[in-house]
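Undergrad: Take a look at this one; I'll ask things after.
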Amino acid sequence: MGKWASYTKKYCKSWEKEALLKDWIRRVPGDDPKAYCRFCKVGIRAHHADLVNHASTAKHKRNAALFSSAIFDMGCQSTTIDESTKIAELKLGHQDAQKMALKETDVNGTTENEKDASEGFQFSATPSLEDIRQLQAKFAAERDWDQYHQPRNLLLALVGEVGEVSELFQWKGEVAPGLPGWTASERESLAHELSDVLIYLVELAEKCCVDLPKAVLAKMAINACKYPASRVQGSAKKYTEYQD
Ligand SMILES: Nc1ccn([C@H]2C[C@H](O)[C@@H](COP(=O)(O)OP(=O)(O)OP(=O)(O)O)O2)c(=O)n1
């Protein structure tokens, strides 16, 4: 029984959706009176006001900035975002993160608890699409591959990678969210193939001068107009079928 023994408030999963907390807050399995900051590698009382205060401390802000830059510095050395995160943690001297034995999202975007794997899943805050564009531009330039990375070639490469994603799902029948029953190796392959799709998509958008982050918001606004929630509730029909 430590100093937390008499503390009665408990960790609340919904905090992981709050803008101020979501990037760093983690549950400490088996220790509900506590929350954990992955940037500062400290336990904090599971009390909302304490957590909000923690987020505003200079130390936390400094650690958050260090954490993001360490991930970006990894550049081409690591293959996935979470691998970079792990290396960044090591680089920053945060080995105690492992000691906490937290059920962090692993390299394939899944948690140890499979039945819960997709519930509350979130992406890491970095890298941004612009970070990915720059990393891929550097990768291609270093190999003198710009001569091959023309829009049509990138499109074909993108479609090829989509095919590789499809191959992983082929003959499996319907697959439930969280991919229950998938092996670690299958999950890793999926993470690789989806990343290939994203890399080619981002580069294709760059070569076609489409500002993807901006374009995606504009398209989502169009989608919302075409499919008003009140009108299409629970139905997956094409919008043309709703037109009067
Ligand atoms: N001319 C190339 C070749 C590769 N890549 C990069 C972008 C993709 O992320 C990845 C694709 O590599 P491969 O074509 O080797 O495809 P896979 O990694 O999927 O290998 P495999 O087809 O064996 O699964 O490498 C690239 O930018 N330009």
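The values are calculated or read from the model by the stated rules, or taken from the named source; none is laboratory data. Note that the structure is predicted; figures quoted are calculated from it, not measured. FYI the Cβ positions are ideal-geometry reconstructions off the backbone, even for glycines, and counts take in every protein chain you see.
Undergrad: List pairs: first in segment 127-153 and over 18 Å from Ser195 (Cβ atoms), second in a helix (DSSP H, G or I) and among the hydrophobic types (A, V, I, L, M, F, W, C), Cβ under 6 Å, 6+ apart or cross-chain?
TA: Asp146/Ala140
Undergrad: Counting only residues that are outside any helix (DSSP H, G or I) and either on the phi > 0 side of the Ramachandran plot or among the small types (Gly, Ala, Ser) (or both), how many does segment 159-182 have?
TA: Final tally of qualifying residues: 6.
Undergrad: I've got another one for you. Out of all the residues in segment 181-238, which are more than 16 Å from the ligand (Cβ to nearest atom), hydroxyl-bearing (Ser, Thr, Tyr) and within 26 Å of Ser128 (Cα to Cα)?
TA: Answer for segment 181-238, where residues must be more than 16 Å from the ligand (Cβ to nearest atom), hydroxyl-bearing (Ser, Thr, Tyr) and within 26 Å of Ser128 (Cα to Cα): there is none.
Undergrad: Out of Val202, Val216, report the one residue that is part of a helix (DSSP H, G or I), under 22 Å from Leu154 (Cβ atoms) and without any contact (Cβ under 8 Å) to a residue 40 or more places away in the chain.
TA: Every option except Val216 fails the conditions.
Undergrad: Further, regarding this structure: Please verify whether Leu156 is surrounded by 15 or more Cβ atoms within 10 Å (Cβ to Cβ) and either over 24 Å from Gln122 (Cβ atoms) or within 17 Å of the chain's Cα centre (by Cα) (or both), treating the condition exactly as stated.
TA: no
Undergrad: In addition: If a residue counts only when it is within 15 Å of the ligand (Cβ to nearest atom) and at pLDDT 95 or above, which helices (runs of 4 or more DSSP H) contained entirely in segment 50-158 have at least 2 such residues?
TA: 129-142
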